[in-house]
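Here it is, the structure in full.
The values are calculated or read from the model by the stated rules, or taken from the named source; none is laboratory data. None of these values were measured; they are calculated from a predicted model. Heads up, the Cβs are rebuilt from the backbone with ideal geometry, glycines too, and the neighbour counts pull from every protein chain shown.
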Amino acid sequence: MLPEIQQQRQAGAMPPIRLDGQVAIVTGAGGGLGRSHAIELARRGAKVVINDLGVARDGRTTVSSAAEDVVREIQAAGGVAVASVASVTDGAQVLRMVEETMDRWGRVDILVNNAGFLRDRSFSKMSLDDFEAILDVHLMGAVRCTKAVWDIMKGQAYGRIVMTTSSSGLYGNFGQANYGAAKMGLVGLMQTLAQEGLKYGVHVNCLAPSAATRMTEELFPEDELALLAPGGVTPGLVYLVSADAPTKTILCAGAGAFACSHVTLTEGIYAGSGPLAAETIALNAAALADRAGEVVPGTGFEQSKREILKAHAALQRTRTVA
């Protein structure tokens, strides 16, 4: 723990984050990260819908009554939770889950899109069915769940939505083209919804976890798995669903370490569109990649604005020389 953080806690500068009276839906909450998130949200006072099909690591077979098990665990600790076995790949089931939540508790304050499974193969060996299956659960599953709660959150002028992205999407990992595409798709979804939800008090963020779960147990040696317990990620999730949460943030988390990832834009160059423009780009490759002065655009339009400014400046220089 950093000394300054410790001092703030000792001085009472960081009141505990409480979620009393709030309602949370956590998908994929039957184990691993989702279970850890759900238990902690309940401990902090939220009523939690534990959504999980109990499927195997590859999503093909049902292996447990995972949702009910987590509900019992939360209830035994004095919390409030109900189970849902709605499939995030089925829009009608998702709508019923949300409707039942509204009938029971009258609101939805928090949505954690965490459901998913893996079908890792190199791209040459990966079938399109396996590619589409991963997109359907990770990306479209989050879309379906978010769409089902979006107008509810807008209507109550409050909402916190977290998309579970991944370093595989942000930076790439061998054998995970399907997973990486889905996870980076969630970043694009978050970037836009954060803008659309801002004036309604709906904050949307991404969490990029590194954790020892059923999905990752084969990827790390045992000593590293011990460090990567889900509990080292969940504090970041709690922050992202709190009243003081940011919006439009990609929070990376693992082993109790936290950092932000950004999609940036370098200063770049102006090469024009003439017959030697491509060669000019190649000649200035180092300048293109130079990260000095790079920015994080607030919206996609900022890229176009910067490009137009460069073109205007080049045109002005041409006129001045002439």
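Condition test on G274, is it of a type outside the set (D, E) and surrounded by 14 or more Cβ atoms within 10 Å (Cβ to Cβ)?
For G274, the condition - of a type outside the set (D, E) and surrounded by 14 or more Cβ atoms within 10 Å (Cβ to Cβ) - is not met.
Within the range 127-136, can you find the residues that are in a helix (DSSP H, G or I) and surrounded by fewer than 23 Cβ atoms within 10 Å (Cβ to Cβ)?
Scanning the range 127-136 gives L128, D129, D130, F131, E132, A133, L135, D136.
Might you check whether a residue that is over 26 Å from F123 (Cβ atoms) and either crowded, with 20+ Cβ neighbours inside 10 Å or among the polar types (S, T, N, Q) (or both) occurs anywhere in the range 161-169?
Yes, some residue in the range 161-169 is over 26 Å from F123 (Cβ atoms) and either crowded, with 20+ Cβ neighbours inside 10 Å or among the polar types (S, T, N, Q) (or both).
Looking only at residues that are under 15 Å from the mean Cα position of the chain (by Cα) and not β-branched (V, I, T) in the range 125-156, which one is nearest to A24 (Cα to Cα)?
Among them, the one singled out is C145.
Something else: Go over the candidates A157, A133, A182 one by one and state the one that is touching a His at 6+ places or on another chain (Cβ under 8 Å) and small (G, A, S).
Residue meeting the stated conditions: A182.
Separate question: Residues that are of a type outside the set (K, R), within 21 Å of Q93 (Cβ to Cβ), in a loop (DSSP other than H, G, I, E, B) and touching a residue at least 12 places away in the same chain (Cβ under 8 Å): does the range 116-126 have at least one?
For the range 116-126, residues of a type outside the set (K, R), within 21 Å of Q93 (Cβ to Cβ), in a loop (DSSP other than H, G, I, E, B) and touching a residue at least 12 places away in the same chain (Cβ under 8 Å): present.
Another question about this same structure. If a residue must be aliphatic (A, V, I, L, M), within 28 Å of the chain's Cα centre (by Cα) and surrounded by fewer than 11 Cβ atoms within 10 Å (Cβ to Cβ), how many such residues does the range 290-310 contain?
1
Could you go through the range 205-223 and let me know if any residue there is surrounded by 21 or more Cβ atoms within 10 Å (Cβ to Cβ), farther than 16 Å from C260 by Cα, modelled with pLDDT of 90 or more and of a type in the set (A, V, I, L, M, F, W, C).
no
Here are the criteria: (1) without any contact (Cβ under 8 Å) to a residue 40 or more places away in the chain; (2) crowded, with 16+ Cβ neighbours inside 10 Å; (3) under 21 Å from F131 (Cα atoms). Tell me which single one G172 does not satisfy.
(2)
Could you check, for the range 43-57, whether at least one of its residues is touching a Lys or Arg at 6+ places or on another chain (Cβ under 6 Å), at pLDDT below 95 and surrounded by 14 or more Cβ atoms within 10 Å (Cβ to Cβ)?
yes
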